[in-house]
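Data first, discussion second: the structure below is written as structure tokens.
Just so it is clear, none of the values below were taken in a lab; they were calculated from the coordinates. What you are looking at is a predicted structure, and each value in this text was computed from that prediction instead of being measured. Cβ: placed from backbone, ideal geometry, glycine included. Neighbour counts: every protein chain shown.
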Amino acid sequence: PLVSMAPLLAKAEEGKYAVGAFNCNNMEIVQAIIAAAEAERSPVIIQASQGAIKYAGIDYIVALTKIAAENTFVPVALHLDHGTSFDQCMQCIRSGFSSVMIDGSKYALEENIAITNRVLAVARAVGVSVEAELGKIGGTEDDIHVDERDALFTDPNDAKRFVEETGVDALAIAIGTAHGQYKGRPELDFERLKKIKSLVDMPIVLHGSSGVPEEDIRKAIDLGVRKVNIDTNLREAFVEGVKEAIAKNPNEIDPRKLLGPAKTKMSEVIREKIRIFGSNGKV
Ligand code: G3H
Ligand code: 13P
Ligand code: ZN
Ligand code: NA
């Protein structure tokens, strides 16, 4: 069934595990996510990025995920990833999303609190959960130097104030992860995570989790991360699956023979993630 993200994360908080949030862009990805969640008996979050909305459109994403959620025994939340504005969050809520992220991290603290509260007021009224972001999560091209870490990473005291003045369901923080593939091994600021969790006793979200070593993901979950975002690893699996299928049969003209293996590859990756996050067997 389609559910809000809040109860999934509340249960994860109780059980000290994390729920995977996997980015979807088309039918094959939705099916791969659901198949993996069913096989692992795990709750799951399907999320749509700005790129996904541009590529597939809000209505297609909702239609695909709704059908999937209605026909499975695992709880599924449909979440807007990095929502850019109040209007976009409203559009997604109206279209059927059960959860939204309002990413006000580019604004000053007060402004971020204000825009988050505008979204919250509406979302609360209709039972939709809200994730917000504080601090600057790196992009693929960003090389964050040690002296910049303090300025870019989430300030624990800001986090405390942000949560007190908003009451969001989940808070995305910046502790050294980045979207996309990493050049070297990312260096996470676990001390900062520990401090934040001690000040805000609520579900923390880790973005940019593809490419973070398994032990670091486990450690982050130990310290209070309850939602782990994965996109890049699914893209890699998808493309690898297609390439392998083409290499095996260069004359293949049936797209299903190329996308089927890609789907299987993605599902395998998702199942592995779910087991690392510890959400397997929770349904
Ligand atoms: O937000 C993080 C995604 O991994 C990037 O999304 O390229 O589909 O907009 P996008
Ligand atoms: P990765 O692409 O690094 O997995 O990051 C995904 C993400 O954080 C989506 O919001
Ligand atoms: Zn992200
Ligand atoms: Na990453």
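Need one number: nm distance between label points at N26 and K194, each 7 Å from Cα along Cα→Cβ, rounded to one decimal.
4.5
If one takes the longest principal axis of the Cα atoms in the chain, at what angle in degrees, from 0 to 90 and to the nearest 10, does the Cα axis of helix 86-95 lie?
Its long axis makes an angle of about 40 degrees.
Could you sort the peptides 227-233, 45-51 by per-residue average Cβ neighbour count (10 Å cutoff), highest mean leading?
Output ranking for 227-233, 45-51: 227-233, 45-51.
Count the net charge of all other residues whose Cβ sits under 10 Å from the Cβ of E40, scoring Lys and Arg as +1 and Asp and Glu as -1.
Computed value for this residue: +3.
On full extension of the chain, what length is gained from K66 through R124, given 0.36 nm per residue of separation minus the C-alpha to C-alpha distance?
Result: 18.8 nm gained on full extension.
Would you mind checking the tilt of helix 255-277 against the longest principal axis of the Cα atoms of the chain, expressed as 0 to 90 degrees and rounded to 10?
Once rounded, one gets 40 degrees.
Relative to the first principal axis of the alpha-carbon coordinates of the chain, what is the inclination of helix 109-125, with its axis defined by its Cα atoms, in degrees from 0 to 90 and to the nearest 10?
Roughly 60 degrees between the two axes.
Structure shown: which of K194/K263; K54/K136; K11/K183; K195/K265; K136/K282 lie over 28 Å apart, alpha-carbon to alpha-carbon?
Beyond 28 Å: K194/K263; K11/K183; K195/K265; K136/K282.
Using Cα-Cα distances under 8 Å and only pairs 6 or more residues apart, what relative contact order does the chain have, in percent?
After rounding, I find 24 percent.
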